[in-house]
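Single-structure report; data block below.
What follows draws every value from the coordinates through simple rules; no lab data is involved. Computed from a prediction, not measured in an experiment: that's the story for all the values here.
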Amino acid sequence: MSSDNAAAAAPAAQAQSQQHQQEQALGMRKNGKQWHAPRKAFRPGSGLTTTSFEKRQSARVAIAAMKAKEKEMKEEKEEERQRRVQAIKDKRAAKEERERFAKMAEKMHKKRVERMKRKEKRNKLLNS
């Protein structure tokens, strides 16, 4: 049994000493940063870029869903902005109309201004 343990320990020790010798053989690093681990050669396509078609497809679906949601949110925001702008325009138009009728009331009789208001409302309803 003791010979079995010794036989098993020998290859492990040999592999460890071989790795240590390989590190020693490299010598000093050129840039002087010996505390960094030695780097390995760049091997493109060694597992990083190979993703399954299903993963790529699911990622595309997820991105499409996200973009659709973003677009929907942007449209809602734009509609709300347009609603506010339209409300402001309507208020300004009503204010201008009130001011115009007030100016006319200064010059004309009150009842005549009221008749003109009613007439203009009828025309607006017919034209719209």
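Structure notes:
- Under Karplus coefficients 6.51, -1.76 and 1.60, residue-wise ³J(HN,Hα) of the stretch 94-102 in Hz, glycine/proline x: 5, 5, 4, 5, 4, 5, 5, 5, 5
- Straight-line reach from Lys67: taking Cα to Cα under 27 Å and skipping same-chain neighbours fewer than 8 places apart, the lysines in range are Lys55, Lys77.
- For Lys107, the lysines whose Cα comes closer than 23 Å to its Cα, not counting residues fewer than 8 places off in the same chain, are Lys95, Lys117, Lys119, Lys121.
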